[in-house]
1. What chymotrypsin sites (Phe, Trp or Tyr not before Pro) does the range 220-263 have in DSSP loop regions with at most 10 other beta carbons within 10 Å?
2. So how many Lys-Lys pairs in the range 161-288 land under 24 Å Cα to Cα, not counting same-chain pairs under 8 apart?
3. Give the span of the range 48-142's Cα atoms along each principal axis, as three whole-Å numbers ordered largest to smallest.
4. Please list, ordered by chain and number, the residues whose modelled amide H lies under 5 Å from the amide H of residue 142; skip anything fewer than 5 residues away on the same chain.
5. Evaluate the Kirkwood expression for the hydrodynamic radius of the chain, namely the inverse of the mean inverse distance over all pairs of different C-alpha atoms, and round to one decimal in Å.
6. Over the alpha-carbon set of the range 236-288, work out the extent along each principal axis and list the three values in angstrom, largest first.
Amino acid sequence: MGEKGTATMIDFVPSIATTAVAIPDSVCLVIGNSCTPSPKLLTLGTRYNKRVVECRFGVAAMSLKAGKAKSFESCPFTTFEQLQTALGYDFAQMLDLLKESFTSKEQYTPQKIAREFDVDDPFEIVKDIPHVYEVKSQNAGFDLYKRAYHVLTEAHRVHEFKRICGEKDLNEDTQVQQLGKLMNESQHSCNLYYDCSSPQLEELTQLARDSGALGSRLTGAGWGGCSVSLVKKDILEEFITAMYPYYTKERPVGDQLWITDDLNRYLFATKPGQGACVIDPSVALWGM
């Protein structure tokens with residue numbers, strides 16, 4: 001459950017568990033809607049499901065290199081976390097393994113995957129993934145190195161964020177600067193390595209940094225939707241005003257944003273709150 005003044009770090013392995021992470025009091029979060037939806041049904045084979053396929057290929061290749069799989073198609077792992085746990089590696093060791101596992105940081109064709117990893121049909125290990133036929137038929141190349149690099153470094157950034165929030169020896173200004181830096185690195189990786197940003201999200205997050213945000217990144221799966229920015233409370237009013245041009249400037253025909261005059265619907269400040277909670281009616285006092 002959420003707690004006031006804290007973010008919640010969620011672990012899914014080995015079971016779902018939550019950790020409250022206290023957010024410095026001098027900052028707030030500003031949500032900015034890019035007003036550009038991601039057409040999920042139109043991109044079944046090129047976005048979400050393709051990333052899962054690319055990551056599974058990456059896990060198999062790294063498992064083979066580490067000697068944890070006898071063959072590409074018999075890889076016993078489906079996630080990088082499973083492989084890392086089996087190896088007992090830290091973050092730096094996983095990055096070293098990543099570099100050793102691929103001859104190229106660029107795209108692999110299915111034919112190159114088959115040759116390099118000695119597998120007849122690489123898609124055999126991903127046949128359980130939804131819409132894998134669309135993924136196979138709509139893509140000539142797959143980014144194995146870049147997707148793996150993003151997943152590994154993004155997971156590391158989450159734990160670094162938690163660590164920094166808990167550093168009692170850091171003064172708060174240094175603390176929030178480091179948190180903002182992690183958010184900016186995350187956005188850079190989402191754009192460059194996971195390719196899940198969009199021109200509008202890049203524009204929105206860059207404007208946020210130029211307007212005084214300590215850090216700004218997309219939130220959610222990407223390719224549209226919202227950004228979240230870390231902003232000092234003492235500049236919040238000026239920051240919000242500086243962000244309005246994203247919504248009000250003239251754009252070329254076909255690139256206009258579908259918005260109303262109420263810009264507060266698309267851009268607003270928030271802070272970690274209580275969130276969902278359990279109310280026991282046997283002890284709760286209800287106003288009449």
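Read-outs throughout are calculated quantities, based only on the coordinates presented, and are distinct from any laboratory measurement. As the structure is a prediction and not an experimental result, all values here were calculated from the model. FYI the Cβ positions are ideal-geometry reconstructions off the backbone, even for glycines, and counts take in every protein chain you see.
1. For chymotrypsin sites (Phe, Trp or Tyr not before Pro) across the range 220-263 that sit outside H, G, I, E and B with at most 10 neighbouring Cβ atoms in 10 Å, the list reads 258.
2. Qualifying lysine pairs in the range 161-288: 13.
3. Its Cα atoms span 36, 25, 23 Å along the three principal axes.
4. 108, 109
5. 21.3 Å
6. In descending order, the Cα extents are 59, 26, 20 Å.
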